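Structure, as structure tokens:
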Amino acid sequence: MSQYGSTSISSSMQKTKSNPALFIDYQIESPRFSVHNAQQIQEGIEHLNDNGYAVFSHVLSSDEIPSNIDLLWKHLENLPAPYQIKRDDARTWDIAWPGNPNVKKIFAQLWQTNELLVSFDAVGCFRDWHWNSAWKTISGWYHCDQNPIEKPHRCSIQGFVSLTDTNEFTGGLVVVPQSHKHFEQLQSITRSGKGRANFCRVRRNHSLLKQFKPRLVKCKAGDLVVFDSRCIHCNTPALDTEEMTTFNKDKTPQLLRIVAYVCMSPTAMVSSDKLEEFRKTREEFVRDRITCTHWPCELNVSGESPSGVKQPLRLSMYQRSLILGTNVDPDNEIAREVIDV
């Protein structure tokens, strides 16, 4: 653990304590495990098993990072009225779907299968709150995205691909390392039943938050961060506010944080007698631009297209396999064949 002996670190620690949330350790540099090294992938899985989270580096190449950011902005700028978002004008900020084989590579190792269903998830952005203090994200809402009564064992690994660097100046994901090993302790504070099955709020005075120190998960643009859904976590705004408003080299304002959420689960988690109908519904969701929660094996709608217009998509066979939960080798010629969905 980091030592807090120097004046500069003590100053940062004091600023964090002034936050109504618990103290969050942002001095620790989380290890980053290369997606291109089999031994490091295994070490990353062991880190996930032990600590409840892991960071896999270089999932995206240096060229793919700006390309994905540009795709996000194009989507936002083309939203119908009343949205009038412009990437180079922060005053308009008030109002891509993961298909990279490196992402599946990690989830395939985690679940020991190549037949995986991908979540129809969303993107997450932190607007630079120096422009508008109301944009500052809320901290301290610790929770788990899994019900300890109805789902006590590992059955979900959440994740996101980061398109920006995450550190104490940006804020981001906070995890409580090793809390997933004590998941059963949350049963007494959890309600079961429809509507609350996949969420467990953890109050800041809970004993697990005293036993284990919350940690900001630092990562680099292009990294994949994964964490066990039983692991207590939340988001936090910047923990060190000394850095000023963010601009790019052209002096246009920048988002502090951009992540594409992604979760993959084994197709075998879906009952075989319901699988065919399940796959048809997922394809309909894609055409209808419907987003769901991080549970790929459940049809929990979280959002719909603002326009309400169905639009066919042209997808590669590999991308379609993520919808259906089948195994298509991304290096095979068949994987690159394009079809209308």
### Message
Please arrange V286, V161, V338 by how many other C-beta atoms lie within 10 Å of their C-beta, fewest to most.
### Response
V338, V286, V161
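Pairs K105/K136; K218/K280; K86/K136; K74/K151; K136/K220; K104/K151: which are spaced more than 29 Å apart, C-alpha to C-alpha?
The pairs that break the limit, which is 29 Å between Cα atoms, are K105/K136; K218/K280; K74/K151.
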### Message
Just to verify a number: FRET efficiency for Q112 and Q254, C-beta to C-beta distance, R0 = 30 Å, to 0.05?
### Response
0.15
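Please arrange Y53, Y261, Y142 by counting, for each residue, the other beta carbons lying within 10 Å of its beta carbon, fewest first.
Y261, Y142, Y53
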### Query
What's the percent breakdown of Cα-Cα distances in region 16-270 across 5 Å bins, shortest bin first?
1, 6, 13, 16, 18, 17, 14, 9, 5, 1, 0
### Summary
For R204, R314, ascending order of other Cβ atoms within 10 Å (fewest first) is R314, R204
### Query
Given labels modelled 7 Å from the Cα in the Cβ direction, how far is it in nm from D331 to N300?
3.6
### Query
Dipole magnitude of region 16-270 about its Cα centre, charges +1 at Lys/Arg Cβ and -1 at Asp/Glu Cβ only, in debye to the nearest 20?
900
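Where a number appears in this text, it was derived from the coordinates with a stated rule and is not lab data. Since the model is a prediction, treat every value here as computed from it, not as a measurement. Heads up, the Cβs are rebuilt from the backbone with ideal geometry, glycines too, and the neighbour counts pull from every protein chain shown.
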